[in-house]
Amino acid sequence: MAPSPSLPPSTGETATDGGPDGTGSPSRSPEMEPARGPLLPPRGTPPAAGRFGPARPRARAARLALGALGLALLLLAAGTGYRYEPYAPQPPAFSGDAPADARAREQQTARLNARRRDLAARLAAAAPRGVYIVIDQTQNRLYLRRGDETLLQAVCSTGSGMVLRESTGKKRQWVFDSPRGRFEVRSMHKDPVWAKPDWAFVEESQPIPRNPKDRLEYGSLGEYALRFGDGFMIHGTLYERLLGRAVSHGCIRVGREDLRVVWANARVGMPIFIY
Amino acid sequence: MTSGAQRAVVLAVTAAGLACALAACGPKPASRDGDAHALAELARLQRDNALLARQVELAAGKDFYLLLDPSAARLTLMLKGAILQHFAVRAMHVGHPRVAWVGSRDPRHVQSTVWSAGELDPPRLIDRLVIDAAPPGAASEEEAAPAIPPTPEELYPVPSRYHIRFAEGLSVEVRPREGDAAVGWWPRLRAAVSEKARDVSSAVRGAERDAIRLRLVLDPKDAQSLYRSLPPSVRLLVLDGRGAP
């Protein structure tokens, strides 16, 4: 009976059986040896290092170490940063020599109260009196304020920030920013006429006129204008659809209805704050 | 008088004398309380005067400044004593850096000084358009319509968290998102993770810029307005939280 192909081959011993010819001689031929297959090592081969057996614990240990390191880093990161607590005011602490008796305390209290009144008066004097104008040039908003009270909130247009460079002649450069800081109304004009500066002609690629009368433009500044120095004005505009955007050459453009309210409250010397 | 009675009288007189002596030498609880109260009042007056003096100094200067009033829950932008804009503050917290669970607390209180040279981080960048004017008479026949510039909202998107960093190591952290109920959980989570990474980096680097953090939660509109409007090099004074002087 031929051996099954799945059985491992013998180690050298040959089975003796009664072969077909009945002679009893060994009858296994090489073709009858069962195949071992390419994946299995030959019988008796010791397991290869790193594939099975001893290498497995090292890999596991490395993974554990990496995991522990990662966890430690996470814990450290969790404890790194900023720790927040609710805000608490600074407790007042008396500085200087404590008064010896009640009379000294009363005198010191009186001095501190007098100082307090003086400081409060100086602070009140620093604040603008009456109505003043506030302009937020980034968000293109104009406010009329009286202390804590807002009398008017208007949409306006402030300086575009554009840079204009002259390509011929003096090669001048203009930056169309609105100024920042405290100013005052220097003059007030009804039906103002615009005397166009050089940049207005350069921008239009027009020659700069020699006759001053050729610079005059009527109606483009609206009904009113408030000058506050260095050529800057608060004035009306023909382009009310562009209010709320930074499109001017530095002046503050206001819509007609809002400009009327500003005019009604304005006075020469009125503070203007632009930020 | 019997000897017992005499003895009783002597004892009573002695006890009375001892009691008087003790009362004369012992502490006076009522007056001690009065001393402490008077000293506290003096301390309060000193602190109020110090804050007023700083406000007078700021009003006399030429810089824009912020007044943070915890009692009124309000941040006010001012110049030369004039109120420019109010921002309502929803919450205030103070933060100190820590590395690996070990904190380093700056001994200064945010009220202790006027903080200066405040700048936005990330900064509000201005993208300027530069035009080279054509020579006179060289204008093209067909001129393109000028482009309408963007609105401030389009020009300056506001981050979910920004800082106003001052020169002395104070950083005011403004968080508009915490006050925005419309923001979903996923954007909040993403923002929180990126903010945590930046905080870790800032704390590890020695927190030169953020020795103290003052975290303010504003309404989203106020936070956006503050980011877009804040002038450069602004100063800050934190008023007393117990009430205006």
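So here's what we get for this one:
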read-out	value
Test item: B:87-95 mean partner chain Cβ contacts at 10 Å	3
Area projected by the alpha carbon convex hull of the stretch A:136-193, averaged over all directions, nm²	6.5
Peptide B:75-86, shielding by other chains (average Cβ, 10 Å cutoff)	6
Other protein chain Cβ atoms within 10 Å, averaged over every residue that makes up B:45-51	6
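Read-outs: derived from the displayed coordinates by stated rules, not from any lab. Remember, it's a predicted structure, so these values are computed and weren't measured experimentally. Neighbour counts run over all protein chains shown; Cβ positions are idealised from the backbone, glycine included.
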